[in-house]
Amino acid sequence: MDIAIIGSGMAGLATARILKDAGHTVTIFEALSGRGMDSHSIQFEGGIIDAPLRVMNPHLWKNTLSLATHLGMTMFPVRTYMACSWLFEDRTETWLTTSRTRIGNFPIINNRKGLKQYGWRLVKGMLQLKTAIQQFFKSEQQEITLAEFINQHHIEEVFWHGAVMPVLYTVCTCNPKTIGDWPAKPLLVFLRQLTDGDALLRMQGGTPAFVDRLIDGIDIRSGAAITGVEQQGEQVHVETAQGSQGVFDRVIVATPTSNIEEFLHPEQFAEDIALLKQFRFEQGDLVIHTDTTVMPPRRKDWSVLSYMMDRKFTRQQFTVWMNAVEPSLVGKNPVFQTWRPVTDIDPKKIISTVKLTRAVVDSSTVALNKELQQRHRMPDRKVFFCGSWSCDGLPILESAVTSAMNIAEIFNAPLPFVGLKPHIEIAPQLGY
Ligand SMILES: Cc1cc2nc3c(=O)[nH]c(=O)nc-3n(C[C@H](O)[C@H](O)[C@H](O)COP(=O)(O)OP(=O)(O)OC[C@H]3O[C@@H](n4cnc5c(N)ncnc54)[C@H](O)[C@@H]3O)c2cc1C
C-alpha cells in the first residue's frame with residue numbers, strides 16, 4: 001500500500017520503518033525543517049548534544065533497544081548519579097550526592113553533611129518505599145493515583161519529596177501539580193526497576209545516528225506541515241501548508257493530538273477528534289547552556305543529574321551535565337540541559353532554548369487508549385493514530401515504539417526485532 005505518515009518523532013519513524021520493511025511504500029511528512037526526533041540535537045565543540053537526552057533502562061525500554069539493535073545501533077552504559085541541592089535566597093547548598101558501591105552495586109550517599117543531617121531518614125525512606133511498592137504489587141487495588149498511593153503509605157518527606165519526586169518529574173513532567181493525578185502503577189514499576197540498579201543505556205552516535213537508520217530508504221518531506229486530511233472514496237487525501245497534495249491508501253497520524261482538529265476533516269473525523277482531544281499535553285522549555293550555577297557549588301559534588309529545590313519543594317528544576325553522559329563531549333567545556341529552569345541562567349551562556357511537548361497521563365488515559373484501539377479495528381478504517389501518548393505506561397520513547405507496534409499489528413507487519421538483546425559496549429571516555 002501507499003502509506004503517508006504524519007510526524008517524524010519516535011512513533012512516526014518506528015511505524016515508517018516497520019511498514020517499509022513489510023513491503024509498503026512510505027512517505028513521511030514532517031512540519032519541522034529537519035527530522036522531528038532529532039530536530040533539537042546540536043553540535044557543541046565537535047561533540048553531540050542530544051536534546052532531549054535519551055537514556056533507557058534495559059528492562060523498561062525493551063522494544064526501543066531491540067529496534068535500535070536490529071538496525072545495527074550499539075549502546076553504552078551511563079552512570080546517572082544525582083546531586084540534590086537546596087535553593088536558598090542567597091546561596092545553594094548541596095545536601096545529597098549519590099553513587100553505588102563497586103561490590104554489590106548498592107546505592108550509597110556520598111555527601112558527609114547530607115549523611116549526617118538526613119542519612120537515617122533517607123535510608124528509612126528508601127526501606128519504606130521498597131515495602132510500600134511490594135505491598136502495592138501484592139494488593140488487588142492497583143488502579144490508584146500517585147497521590148492516593150502516597151496518602152496510603154508513610155514515607156519520609158525528605159526522601160520522597162527531595163529524592164524520589166524529582167526523579168519522577170524528570171521522567172514525566174516537571175509540574176508537581178499534575179504528577180499526583182498520574183496512575184501510580186507505571187511510576188512504581190519505573191521506580192522498582194530503577195532501584196534495582198541496572199545502568200541506563202544511551203546510543204552510540206546519539207539520536208541522529210538512530211534516525212539515519214530509521215529513515216534509510218524512506219521518502220521524508222521536511223518543512224511540510226499537514227493542514228488537511230480527508231477521506232475520498234477508498235483513498236485519503238492529504239495537503240501540506242505549502243499547498244502540495246497527495247493521495248494515499250492509508251494515513252498514520254503520529255503527532256501529539258492537541259492540534260489535531262486543525263488538519264483532520266471536521267465531519268469525517270468528528271468522533272476521532274472528540275476522543276483524541278481528551279489526551280492531555282504539557283509544554284516546557286529545555287535550555288541548553290554553559291552556566292555552571294545550575295550545578296552544586298563545589299565541583300566535587302557535580303553529578304550527571306543536578307536537582308535543585310527550595311525547602312518547601314515549591315520550586316524545582318533538574319539539569320543534566322552532558323559531558324558526563326556523552327563520550328563526544330568528554331574533555332570539552334561543561335555544557336548542560338536544564339528542564340524548566342527556576343533559577344536565572346545567564347542569557348549570554350544560553351546555546352538554545354527548545355519548547356518540548358510532553359504527554360500527561362491520568363486515570364482516564366488507559367480507558368481512552370482502549371477506545372482508540374477499538375476504533376482502529378473498525379471496518380474500512382483508513383486513518384490511524386499513534387504516539388507516545390497512546391500507551392498505558394509512561395510517555396517515553398518506549399511507548400512511542402509500542403504504539404507503532406500496535407499499528408504494525410493492524411497491518412500484519414512483521415516485528416523481527418522483538419526480543420533482541422541490546423548490543424552494549426563500554427564507552428572508555430566515560431571512565432567505566
Ligand atoms: C525534557 C524531556 C526529556 C525526555 N527524556 C526522555 C528520555 O530520556 N527517554 C525517553 O524515552 N523519553 C524521553 N522523553 C520523552 C520522549 O522524548 C517522547 O515521549 C517522545 O519523543 C515522543 O515521541 P512521539 O513520536 O510520540 O511524538 P513527537 O516527538 O512529539 O513527534 C511528533 C512529530 O510530529 C510533528 N508534527 C506535528 N504536527 C504536524 C503536522 N501537522 N504535520 C507534520 N508534522 C507534524 C512534530 O513536529 C513532531 O516532530 C523526554 C521528553 C522531554 C520533554
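How many residues, within region 380-390, are farther than 13 Å from Ala254 by Cα and buried (at least 21 other Cβ atoms within 10 Å of the Cβ)?
The number of residues fulfilling the criteria is 0.
Against the conditions (1) in a loop (DSSP other than H, G, I, E, B); (2) in contact with a strand residue (DSSP E or B) (Cβ under 7 Å, 6 or more places away or on another chain), where does Val320 fall short? Just the number, please.
For Val320, the exception is condition (1).
Among the residues of region 29-52, are any closer than 17 Å to Val320 by Cβ, basic (Lys, Arg) and near the ligand (Cβ under 10 Å from one of its atoms)?
No, that holds for no residue.
Among the residues of region 238-251, is any farther than 30 Å from Ile150 by Cα, among the aliphatic types (A, V, I, L, M) and surrounded by fewer than 17 Cβ atoms within 10 Å (Cβ to Cβ)?
Scanning region 238-251 turns up at least one residue that is farther than 30 Å from Ile150 by Cα, among the aliphatic types (A, V, I, L, M) and surrounded by fewer than 17 Cβ atoms within 10 Å (Cβ to Cβ).
Please go through region 261-307 and pick out each residue that is β-branched (Val, Ile, Thr), within 24 Å of the chain's Cα centre (by Cα) and surrounded by fewer than 20 Cβ atoms within 10 Å (Cβ to Cβ).
Thr290
Asp2 versus (1) buried (at least 19 other Cβ atoms within 10 Å of the Cβ); (2) away from the ligand (no atom under 12 Å from the Cβ); (3) more than 29 Å from Val335 (Cβ to Cβ); (4) of a type outside the set (Lys, Arg): which is the lone unmet condition?
Answer for Asp2: the failing condition is (1).
Exactly one condition in (1) modelled with pLDDT of 95 or more; (2) more than 16 Å from the ligand (Cβ to nearest atom) is not met by Gly180; state its number.
Of the numbered conditions (1) modelled with pLDDT of 95 or more; (2) more than 16 Å from the ligand (Cβ to nearest atom), the odd one out for Gly180 is (1).
Scanning for something over 17 Å from Thr255 (Cα atoms), free of Cβ contacts under 8 Å to residues at least 12 places away in the same chain and either of a type in the set (D, E, K, R) or surrounded by fewer than 23 Cβ atoms within 10 Å (Cβ to Cβ) (or both), does region 20-33 turn up at least one residue?
yes
Taking region 392-410, which residues are within 14 Å of Phe279 (Cα to Cα) and more than 9 Å from the ligand (Cβ to nearest atom)?
Selection gives Asp392, Gly393.
I'm trying to understand the selection: among the residues of region 29-56, which are part of a loop (DSSP other than H, G, I, E, B) and under 16 Å from the mean Cα position of the chain (by Cα)?
Once the filter is applied, which keeps residues that are part of a loop (DSSP other than H, G, I, E, B) and under 16 Å from the mean Cα position of the chain (by Cα), region 29-56 yields Gly36, Met37, Asp38, Ser39, His40, Ser41, Asp50, Ala51, Pro52, Leu53, Arg54, Val55.
Kindly indicate whether any position in region 420-432 is away from the ligand (no atom under 13 Å from the Cβ), in a loop (DSSP other than H, G, I, E, B) and among the hydroxyl-bearing types (Ser, Thr, Tyr).
yes
Looking only at region 361-370, filter to residues that are surrounded by 13 or more Cβ atoms within 10 Å (Cβ to Cβ) and not small (Gly, Ala, Ser); which one of those is nearest to the chain's Cα centre (by Cα)?
Val361
If you take the residues of region 114-167 that are surrounded by 20 or more Cβ atoms within 10 Å (Cβ to Cβ) and among the aromatic types (Phe, Trp, Tyr), which of them is modelled with the lowest pLDDT?
Among those residues, the one meeting the criterion is Tyr118.
Which of the following residues is of a type outside the set (Asp, Glu), within 22 Å of Met10 (Cβ to Cβ) and more than 11 Å from the ligand (Cβ to nearest atom): Gly233, Gly243, Gly217?
Going through Gly233, Gly243, Gly217 in turn, just one is of a type outside the set (Asp, Glu), within 22 Å of Met10 (Cβ to Cβ) and more than 11 Å from the ligand (Cβ to nearest atom): Gly217.
Six or more apart or on different chains, Cβ atoms under 6 Å: show the pairs whose first residue is in region 256-272 and farther than 16 Å from Gln232 by Cα and whose second is within 15 Å of the ligand (Cβ to nearest atom) and not in a helix (DSSP H, G or I).
Pro256/Phe281; Pro256/Thr357; Thr257/Phe279; Ser258/Phe281
Is there any pair linking a residue in region 51-67 that is acidic (Asp, Glu) to one that is surrounded by 23 or more Cβ atoms within 10 Å (Cβ to Cβ) and assigned to a helix (DSSP H, G or I), with Cβ under 7 Å and at least six apart or on different chains, and which?
Partner pairs satisfying both residue conditions: none exist.
Which one of Arg315, Arg299, Arg377, Arg381 is free of Cβ contacts under 8 Å to residues at least 60 places away in the same chain, away from the ligand (no atom under 12 Å from the Cβ) and over 27 Å from Leu13 (Cα atoms)?
Just a single option satisfies the conditions, and that option is Arg299.
Those residues that are closer than 12 Å to Cys386 by Cβ, assigned to a strand (DSSP E or B) and touching a helix residue (DSSP H, G or I) at 6+ places or on another chain (Cβ under 8 Å), I need them from region 247-270; list them, please.
Ile252, Val253 - these are the residues of region 247-270 that are closer than 12 Å to Cys386 by Cβ, assigned to a strand (DSSP E or B) and touching a helix residue (DSSP H, G or I) at 6+ places or on another chain (Cβ under 8 Å).
The values are calculated or read from the model by the stated rules, or taken from the named source; none is laboratory data. Please read these numbers as outputs of a predicted model, since none were measured by experiment. Neighbour counts run over all protein chains shown; Cβ positions are idealised from the backbone, glycine included.
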